[in-house]
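Undergrad: Encoded as C-alpha cells, here's the structure I'll be asking about.
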Amino acid sequence: MNGNAMDNNSAEKNKNLCKGCSLCCEYVCVEIDKPETKNDYDQIIWMLLHKDVWVYFDDKNEWYVQFNTQCEVLTNDKLCGIYHNRPRICRKHSQDSCERYGEGTIYKKIFRKKEDFIQWLKEKKVNYNFKGFEH
Ligand code: SF4
Ligand code: SF4
C-alpha cells in the first residue's frame, strides 16, 4: 500500500470498485533516500538479497522499498476484514491512480533482485564497489 493518492470517492463506491482485487493489500512500501553513495548502493543490494523485497523509483524520482507481504486482515474473498476500522492510509488510497483503474504501474524502474540493480548501476557507469570488494 502506497498512500499518496487522495480519496475522492465514497467508502461504498471504493468498496465496490475494489471488489475482486486486493493488489493494494499485498505489499508495504516505504520511501527511502535516493541512493548516491557506495554505502547507499550497498544498502540497496542488502535489501534486494532478501526474499520478497523489491526497490523501485517512480516518475518523480522518489525511491521506495517494497515488502511483498499480504495484510493479515485481508479475507479469503479479497475483502478488508476491518473495513470500517481500517487505517487512514487505506482510506486515503484512491482507485484514480491505482494499478487496476489508474495509469497502471507506479514503477519507473523496479529492481526485484540484486542483479537488476547492479545491471542498472553498470549502465549508469556508477562506481558502486568498495575497494578490494566486488558484488
Ligand atoms: S489496485 Fe485498485 S481496485 Fe485493486 S485493491 Fe487497489 S485500489 Fe482497489
Ligand atoms: S487494513 Fe484492509 S484495506 Fe488496509 S491493507 Fe489491510 S486489508 Fe487492505
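Where a number appears in this text, it was derived from the coordinates with a stated rule and is not lab data. Just so it is clear, the structure is predicted and the values come from calculations on it, not from any experiment. Counting neighbours? That spans all protein chains shown, and the Cβs are built from the backbone with ideal geometry, glycine included.
Undergrad: Assuming R0 = 25 Å, can you tell me the calculated FRET efficiency for the pair L74 and V126, based on Cβ-Cβ distance, to the nearest 0.05?
TA: E(calc), rounded to 0.05, equals 0.05.
Undergrad: How big is Rg to Rh over the chain, alpha-carbon atoms, Rh as the Kirkwood inverse-mean-distance radius?
TA: Rounded to two decimals, Rg over Rh is 1.05.
Undergrad: Percent relative contact order of segment 17-135, based on C-alpha pairs within less than 8 angstrom and at least six residues apart?
TA: Relative contact order here is 31 percent.
Undergrad: A follow-up question, please. Could you give the length gained by full extension between N61 and K34, i.e. 0.36 nm per residue of separation minus their alpha carbon distance, to one decimal place? Walk me through the intermediate numbers first.
TA: On the way: separation 27, 0.36 × 27 = 9.72 nm, distance 0.79 nm.
Taking N61 through K34 to full extension adds about 8.9 nm, to one decimal.
Undergrad: Using the Cα centre as the reference, give the magnitude of the dipole from point charges on the C-beta atoms of the chain (Lys, Arg: +1; Asp, Glu: -1; all else neutral), rounded to the nearest 20 debye. Don't skip to the end; give the middle numbers.
TA: Details: 22 positive and 21 negative charges, 16 e Å.
Computed charge dipole of the chain: roughly 80 debye.
Undergrad: Based on the Cβ-Cβ distance from E134 to T105, what FRET efficiency comes out when R0 is 35 Å, to the nearest 0.05? Write down the numbers at each step before the final one.
TA: On the way: r = 32 Å, r/R0 = 0.91.
Efficiency, from the Cβ-Cβ distance: 0.65.
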